[in-house]
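The values are calculated or read from the model by the stated rules, or taken from the named source; none is laboratory data. This is a predicted model, so every value here is computed, not measured. Note that we place each Cβ from the backbone using ideal geometry, even for glycine, and neighbour counts take in every protein chain shown. Protein only, heavy atoms only, side chains kept; ligands, DNA and RNA dropped before computing areas. Shrake-Rupley method; radii C 1.70, N 1.55, O 1.52, S 1.80 Å.
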Amino acid sequence: MSVLLEIDNLHARVDNKEILKGFSLTINEGETHAIMGPNGAGKSTLSYVLAGREGYEITSGTVKFKGKNLLSMSIEERAREGVFLAMQYPVEIPGVATSTFLKHSLNSIRKHQGLEELDTMNFIKVLKQKASELGINQDMIKRPINVGFSGGEKKRVETLQMSILEPSFAILDEADSGLDIDALKVVAGGVNKLRNDKRSMLVITHYQRLLNYIVPDFVHVFADGKIVKSGNKDLALELEEKGYGEFIGNKY
Amino acid sequence: MLNNNLVKGYKDNIKSLSFSDNELVSKIRKNAFTDFINSGFPKAYDENWRYTKQKFLKEINFKTSNHISENFIEPELEIDAYHLVFIDGKFITKKSIIPNNVEIKSFKNLIEGDDSNLLKKITNSDFVKSSPLALLNTAYLENGFYINVKKDTILNKPIHIINYSDTADIFYNVKYYINIEDGSKIDLVESCYSFKNISYFNNTVTEINIAKNAIVNHYKYQNESKSAYHVCLNKVTIDADSSYENFIMQKGGLIARNETVIDVIGENTNTKTLACYMLKGTTHSDLTTRVNHHTPNASSEQTVKGVADDETKAIFQGKVYVARGAQKVSGNQLHKSLLLSDKAEIDTKPELEVYADDVECSHGASIGELDDKQLFYLRARGIDEELARKMLVEAFLDEVLEKMSNETLRQAFVSVIKRD
Ligand SMILES: Nc1ncnc2c1ncn2[C@@H]1O[C@H](COP(=O)(O)OP(=O)(O)OP(=O)(O)O)[C@@H](O)[C@H]1O
Ligand SMILES: [Mg+2]
């Protein structure tokens with residue numbers, strides 16, 4: 001089994017405040033890892049740092065993706081190499097239709113991979129097919145990205161993007177927040193459909209319930225900027241029962 | 001002070017213009033020139049010229065030219081329309097396609113037909129007398145049109161006035177005088193552009209009189225050479241039950257100023273002035289609009305959005321004037337802009353001058369930057385930074401374009417933005 005992502009002793013700060021304090025994690029191809037941890041631990045920060053968002057200062061540590069230095073790549077290069085971040089708070093972009101955006105996105109990635117770009121007709125065919133699988137109606141795709149979408153709709157559309165772009169590594173930052181029970185199953189189903197022995201996932205969540213649907217290979221407890229405990233899926237059940245107190249000491 | 005070539009060299013310049021031996025034309029030009037000398041260029045303290053220093057007008061030393069260029073490049077706006085083609089301000093009959101249900105007379109037609117009353121009327125309105133650059137335009141009068149759209153005419157295609165510049169270092173003046181009679185419906189499009197990096201001075205004056213119950217869309221695409229001076233003055237009069245929609249896409253020029261004055265003189269009218277600008281390099285763009293409500297029961301809207309990149313400067317001055325007794329007028333004005341570079345500058349001056357008490361007027365202005373989060377989101381999906389910025393700019397401007405009522409023309413403008 002080969003290594004897909006290797007994060008080693010990563011330290012990152014924002015506005016002079018250290019958020020990641022020696023974070024290390026290795027993910028092999030085909031593995032799904034879950035990260036759980038208290039509010040403010042730095043989970044979203046980690047996901048942004050991996051996706052390349054500006055404003056974070058990496059003070060030490062390395063990140064290798066498919067053997068290459070991920071930290072030296074631009075945001076779009078990372079995406080084209082196969083990194084996908086489903087955001088905790090997807091961004092609204094008035095004036096840009098979801099379908100237009102996704103077509104540009106898919107074609108940028110296909111071009112990078114040496115594949116032929118899809119014309120509008122073929123793209124729409126793919127889009128409609130995947131959207132209906134996720135219970136997203138056609139009107140929504142024509143609307144501007146995320147504008148006026150409900151919390152749950154935003155999460156569905158993030159999942160839709162992932163199924164169209166077929167990344168090799170997906171970070172799902174609270175993909176379950178705001179989802180009703182049925183939607184949770186739909187989104188989890190969409191994610192599971194993508195799982196295979198090459199594609200890896202990093203699932204960030206507060207609720208063990210999601211992990212009943214997306215069953216992880218590993219669960220990590222993330223507190224105060226690093227992983228403080230790792231285990232298998234049973235660790236999530238244990239956390240649900242006992243809370244984080246045991247793992248992060250006297251803070252709770 | 002007035003010693004530049006436009007003034008000192010006037011006598012010589014005039015000789016190279018057509019119709020110099022026509023007595024009436026000479027008289028009209030000479031009178032306008034005398035009035036211009038008396039008024040001078042716009043003054044430094046003129047509020048209308050507050051952000052565009054008129055100094056450049058005195059420094060330009062271009063000449064008129066009698067050369068007729070054969071080069072012509074099709075306009076960027078791809079629309080199915082009648083064509084009135086000008087190259088370097090000179091009307092080119094053989095390239096034009098004129099509708100047959102509209103009376104269109106070039107200045108040549110008017111002069112040769114000895115229609116002295118009409119000629120005087122269109123070159124010597126009160127509006128012309130009140131504006132130095134309009135006087136200068138008449139003093140150099142050579143090319144232009146009188147267009148009369150007869151009662152209840154519905155034009156099946158737009159009239160596209162195509163103004164292409166090909167020759168360097170010249171000064172040219174064009175005049176359009178357009179009458180739209182009761183019950184007519186017409187779409188007017190203007191393109192002012194050049195594909196050469198040359199300097200020239202385009203001084204155009206347009207007067208449009210809209211009678212009752214008419215619908216007029218008047219759209220303009222400005223993409224002059226990066227070194228050109230473009231000073232256009234529009235005067236529109238709107239009578240009862242009519243609507244007038246103006247749209248300007250402002251892109252090119254070294255100094256590009258577009259001033260529109262709209263007088264609403266009848267009830268139940270609708271006036272929209274829309275504009276967007278996309279500035280690069282060192283362009284200085286000035287959009288100045290004034291809507292005067294002289295009569296009650298009317299609505300007017302001004303929506304302007306634009307982006308200023310590099311070392312450009314964008315100005316929007318918009319004024320809504322409501323006369324005493326012009327009750328139940330709604331006048332709304334909005335200017336939103338994005339600064340795309342540290343060296344760009346945006347000046348905005350929205351103004352209301354209201355003398356009636358039962359009116360609904362508002363104005364707003366904002367200056368911002370591209371949204372980091374939105375840029376990140378697009379790039380995180382593999383879209384390169386340049387395209388991501390372009391998509392966000394297009395989306396920003398779309399809020400103006402989507403207000404255009406002629407959908408076919410709107411699409412043509414949208415494709416120009418996308419091609420950019
Ligand atoms: N731009 C910023 N400036 C200052 N502090 C920041 C900034 N961004 C994040 N932080 C801080 O970094 C810490 C980690 O935030 P982060 O969003 O990564 O937490 P999280 O683990 O995702 O929390 P949650 O579970 O609530 O989503 C928080 O204390 C947050 O306030
Ligand atoms: Mg978070």
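Among the residues that make up the stretch B:44-54, is at least one of them more than 21 Å from the chain's Cα centre (by Cα) and either within 27 Å of B:Phe413 (Cα to Cα) or not hydrophobic (A, V, I, L, M, F, W, C) (or both)?
Within the stretch B:44-54 (the criterion being more than 21 Å from the chain's Cα centre (by Cα) and either within 27 Å of B:Phe413 (Cα to Cα) or not hydrophobic (A, V, I, L, M, F, W, C) (or both)), the answer is yes, since at least one residue qualifies.
Tell me which residues, restricted to the stretch A:202-219, are open to solvent by less than 10 Å² (accessible area, probe 1.4 Å) and within 16 Å of ligand 2 (Cβ to nearest atom).
Matches in the stretch A:202-219: A:Leu202, A:Val203, A:Ile204, A:Thr205, A:Leu210.
Considering only residues that are within 16 Å of ligand 2 (Cβ to nearest atom) and of a type in the set (Ser, Thr, Tyr), which ones fall in the stretch A:164-193?
Correct list: A:Ser177 only.
Within the stretch A:72-93, can you find the residues that are out of contact with any Phe, Trp or Tyr (no Cβ under 9 Å at 6 or more places or on another chain), farther than 17 Å from A:Ile164 by Cβ and away from ligand 1 (no atom under 12 Å from the Cβ)?
Listed by number, the residues that qualify are A:Ser72, A:Ser74, A:Glu77.
Look at the stretch B:372-411 and say how many of its residues are more than 8 Å from chain A (Cβ to nearest Cβ) and either open to solvent by 10 Å² or more (accessible area, probe 1.4 Å) or not in a helix (DSSP H, G or I) (or both).
Counting residues in the stretch B:372-411 that are more than 8 Å from chain A (Cβ to nearest Cβ) and either open to solvent by 10 Å² or more (accessible area, probe 1.4 Å) or not in a helix (DSSP H, G or I) (or both) gives 14.
Step by step: first the residues of the stretch A:157-184, then only those that are under 14 Å from the mean Cα position of the chain (by Cα) and at positive phi, then the one that is surrounded by the most Cβ atoms within 10 Å (Cβ to Cβ). Which residue is that?
For the stretch A:157-184, the residue satisfying everything is A:Glu174.
Across the stretch B:212-236, what is the number of residues that are closer than 21 Å to B:Thr123 by Cβ and either outside any strand (DSSP E or B) or touching a helix residue (DSSP H, G or I) at 6+ places or on another chain (Cβ under 7 Å) (or both)?
Qualifying residue count for the region: 3.
For the stretch A:141-159, name all the residues that are of a type in the set (A, V, I, L, M, F, W, C) and touching a helix residue (DSSP H, G or I) at 6+ places or on another chain (Cβ under 6 Å).
If the condition is that a residue be of a type in the set (A, V, I, L, M, F, W, C) and touching a helix residue (DSSP H, G or I) at 6+ places or on another chain (Cβ under 6 Å), then A:Ile141, A:Ile145 are the ones that fit.
Counting only residues that are away from chain B (no Cβ under 12 Å) and under 20 Å from the mean Cα position of the chain (by Cα), how many does the stretch A:137-156 have?
Count: 7.
Considering only residues that are among the basic types (Lys, Arg) and over 21 Å from B:Asp384 (Cα atoms), which ones fall in the stretch A:34-65?
The answer is A:Lys43, A:Lys64.
Among the residues of the stretch A:190-209, which ones are within 16 Å of ligand 1 (Cβ to nearest atom) and closer than 25 Å to A:Met1 by Cβ?
Selection gives A:Leu202, A:Val203, A:Ile204, A:Thr205.
Only one of these conditions is not met by A:Val187: (1) away from ligand 1 (no atom under 14 Å from the Cβ); (2) open to solvent by 40 Å² or more (accessible area, probe 1.4 Å). Which number is it?
(2)
Any residue in the stretch B:62-79 that is in contact (Cβ under 8 Å) with a residue 12 or more places away in the chain and not in a loop (DSSP other than H, G, I, E, B)?
For the stretch B:62-79, residues in contact (Cβ under 8 Å) with a residue 12 or more places away in the chain and not in a loop (DSSP other than H, G, I, E, B): present.
Consider A:Ile171 carefully, then state whether it is among the β-branched types (Val, Ile, Thr) and within 30 Å of A:Met36 (Cα to Cα).
yes
If A:Ala41 meets every condition in (1) modelled with pLDDT of 95 or more; (2) within 15 Å of ligand 1 (Cβ to nearest atom); (3) open to solvent by less than 10 Å² (accessible area, probe 1.4 Å); (4) aliphatic (A, V, I, L, M) apart from one, which number is that one?
(1)
Within the stretch A:85-92, can one find any residue that is open to solvent by 50 Å² or more (accessible area, probe 1.4 Å) and either in contact with a helix residue (DSSP H, G or I) (Cβ under 6 Å, 6 or more places away or on another chain) or at pLDDT 95 or above (or both)?
Yes, some residue in the stretch A:85-92 is open to solvent by 50 Å² or more (accessible area, probe 1.4 Å) and either in contact with a helix residue (DSSP H, G or I) (Cβ under 6 Å, 6 or more places away or on another chain) or at pLDDT 95 or above (or both).
Quick check: is even one residue across the stretch B:59-79 surrounded by fewer than 16 Cβ atoms within 10 Å (Cβ to Cβ), in contact with a strand residue (DSSP E or B) (Cβ under 8 Å, 6 or more places away or on another chain) and within 30 Å of B:Thr153 (Cβ to Cβ)?
Yes: one or more hits.
Which condition number in (1) over 22 Å from A:Arg78 (Cβ atoms); (2) touching a strand residue (DSSP E or B) at 6+ places or on another chain (Cβ under 8 Å); (3) within 15 Å of ligand 2 (Cβ to nearest atom) is the one that A:Asn232 fails?
Answer for A:Asn232: the failing condition is (3).
Need a quick list: strands (runs of 3 or more DSSP E) entirely within the stretch A:1-112 having at least 1 residues that are over 17 Å from the mean Cα position of the chain (by Cα), more than 15 Å from ligand 2 (Cβ to nearest atom) and away from chain B (no Cβ under 14 Å).
Qualifying strands (runs of 3 or more DSSP E): A:3-14, A:17-28, A:57-65.
Give the residues of the stretch B:46-72 that are touching a Ser or Thr at 6+ places or on another chain (Cβ under 7 Å), polar (S, T, N, Q) and at pLDDT 85 or above, sorted by residue number.
B:Thr64, B:Ser65, B:Asn66, B:Ser69
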